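In what follows, a single structure is set out as structure tokens and then discussed.
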């Protein structure tokens, strides 16, 4: 009788411990998931391209870079983010000046190429991240209604050193640097099509 | 003392705590911890005082062309007239305004808030009915029918708003993106921005031809993914080629008939920005009315491309990416500003004299 009672108690206790461990483990995992896996990122809807990303980052070459969203991009011949459309046009009527002071915005013809008339071509715009300093001039120029708004600033995880307190976040007057959840995020390099410039 | 009490008395204090209190306490504690963790917010840093921004070396883009001095005196001017009293104020467009047309008797048809609304010449609402959601454009057809397009679908409504049928445009696997529709007699012309062509179809849906693919330069270049056009009584189609900054002319069989326009930020005759003009309409006299974005303005050209008039950017929201256009039988220009969601009417002012270039000059009356 005593042995039976001990066995029952043992089984009862074991299940109880397992139950507690399960609850605790699940709570821990959920807590970790909620609290961890977030990174600093630029909120494009708040960002006003004030140029502080360029100067405030602890890195000498800011971790903030311009990126082009190709689905939105119009592949314009006269891209307002590429050309300074207010500059004096050349003999072909194309503006001579460029928006990017670092010459980090590159372009190439895609699709059918018309050598005689560049107006008949589509152009793909790419960011040379080794040159881009995150000043955001191109982003500002691409905003609607001038452009399609395909360019935006983004903290590149391959460069970001994940400071406890992001220096850009502290400086940003628009509170545009936010923590965003990135479950399963693996710090990645620049997209494949931009690697050639890096 | 019964058996239960006896058993209870035999249990140690730890056992009793373990059995009676610890499980619920652990569950409540774990849940509270999880909730606290889930709702933990990172304190937002106080906004740093906004630094005085360095003066930009260049003006904002939307101010450039409007600030540029006019290259010449325009032959004619248009001035804004207030929409007749009471109009739209009792039926404002609250969410969207995506189309404008003028019907028989100069009635104003407007598409917005998932409705077609009809206003009479005094501006009073005479009829309205619900249409498909997210409609992008519409057209008035013979017999008072109204065709409303959204994505690749065209819904056909009777004059009173009763649904009559539906057409789907595009090829299998490549649906059309309809950004403009117009009637020419019994046929329907569809601006397909996805295929970068204008389709001519019967009301039954049978395709009769394609316009815009026979040009030596290729199809329309549409960086802003929008194609607009209008057709005159002779069947000449005028279409926007936004990427090339041109207004193009086409015959109904697709033969290109010419074009005018080029990029330019200074001369008002030119089209600004990456992709303009975005909207187009024709007057009864055959003049071409264009609307631009970036510098939100409306201009009037002769069929040959000579600039006649400019309706300035002060009349429109600077964030307009489309200004929907229509022209009534008197030649008045109607504009629909989708950002402000308002319709304005611009009338031609009276003739006043001739300028030094020998052109007729008109002054604001």
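Laid out as a table, the results:
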quantity: Count of residues meeting criterion [within 12 Å of chain B (Cβ to nearest Cβ) and touching a residue at least 12 places away in the same chain (Cβ under 8 Å)] in segment A:99-119; calculated: 4
quantity: Any chance residue A:14 is more than 10 Å from chain B (Cβ to nearest Cβ), more than 18 Å from residue A:129 (Cα to Cα) and either assigned to a helix (DSSP H, G or I) or touching a residue at least 60 places away in the same chain (Cβ under 8 Å) (or both); calculated: yes
quantity: Residue within segment B:139-159 that is modelled with pLDDT of 90 or more, assigned to a strand (DSSP E or B) and under 25 Å from residue B:304 (Cβ atoms) present; calculated: no
quantity: Pick from segment A:142-154, criterion in a loop (DSSP other than H, G, I, E, B) and in contact with a helix residue (DSSP H, G or I) (Cβ under 9 Å, 6 or more places away or on another chain), ranking: farthest from residue B:321 (Cα to Cα); calculated: A:150
quantity: Count - residues of segment B:195-229 that are more than 25 Å from residue A:77 (Cβ to Cβ), touching a residue at least 12 places away in the same chain (Cβ under 8 Å) and outside any loop (DSSP other than H, G, I, E, B); calculated: 5
quantity: Residues being touching a helix residue (DSSP H, G or I) at 6+ places or on another chain (Cβ under 9 Å) and buried (at least 20 other Cβ atoms within 10 Å of the Cβ) - total across segment B:294-319; calculated: 6
quantity: Flag if residue B:255 is away from chain A (no Cβ under 14 Å), under 25 Å from the mean Cα position of the chain (by Cα) and modelled with pLDDT under 95; calculated: no
quantity: Checklist (1) assigned to a loop (DSSP other than H, G, I, E, B); (2) in contact with a helix residue (DSSP H, G or I) (Cβ under 9 Å, 6 or more places away or on another chain) applied to residue A:87, failing item; calculated: (2)
quantity: Residues of segment B:231-246 satisfying the condition of being surrounded by fewer than 23 Cβ atoms within 10 Å (Cβ to Cβ) and either free of Cβ contacts under 8 Å to residues at least 12 places away in the same chain or within 14 Å of chain A (Cβ to nearest Cβ) (or both); calculated: B:233, B:234
quantity: Some residue of segment A:123-136 being at pLDDT 90 or above, touching a strand residue (DSSP E or B) at 6+ places or on another chain (Cβ under 8 Å) and within 10 Å of chain B (Cβ to nearest Cβ); calculated: yes
quantity: Residue match in segment A:155-166 (condition: within 13 Å of chain B (Cβ to nearest Cβ), farther than 13 Å from residue A:49 by Cβ, in contact with a helix residue (DSSP H, G or I) (Cβ under 7 Å, 6 or more places away or on another chain) and crowded, with 20+ Cβ neighbours inside 10 Å); calculated: no
quantity: Residue B:280 vs. criteria modelled with pLDDT of 95 or more and under 19 Å from residue B:332 (Cβ atoms); calculated: yes
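Residues checked against (1) away from chain B (no Cβ under 14 Å); (2) part of a loop (DSSP other than H, G, I, E, B):
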| residue | (1), (2) |
| --- | --- |
| A:46 | no, yes |
| A:53 | no, no |
| A:59 | yes, yes |
| A:66 | yes, no |
| A:71 | no, yes |
| A:75 | no, yes |
| A:81 | no, yes |
| A:92 | no, yes |
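One line per residue, one yes/no per condition, for (1) within 21 Å of residue B:322 (Cβ to Cβ); (2) in contact with a strand residue (DSSP E or B) (Cβ under 7 Å, 6 or more places away or on another chain); (3) at pLDDT below 90:
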residue	(1), (2), (3)
B:82	no, no, yes
B:86	no, no, yes
B:93	yes, yes, yes
B:107	no, yes, no
B:125	no, yes, yes
B:134	yes, yes, no
B:137	yes, yes, no
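The values are calculated or read from the model by the stated rules, or taken from the named source; none is laboratory data. Predicted model only: the values in this text are computed from it and were never measured. When we count neighbours, we look across all protein chains shown, and the Cβ atoms used for this are built from the backbone with ideal geometry, even at glycine.
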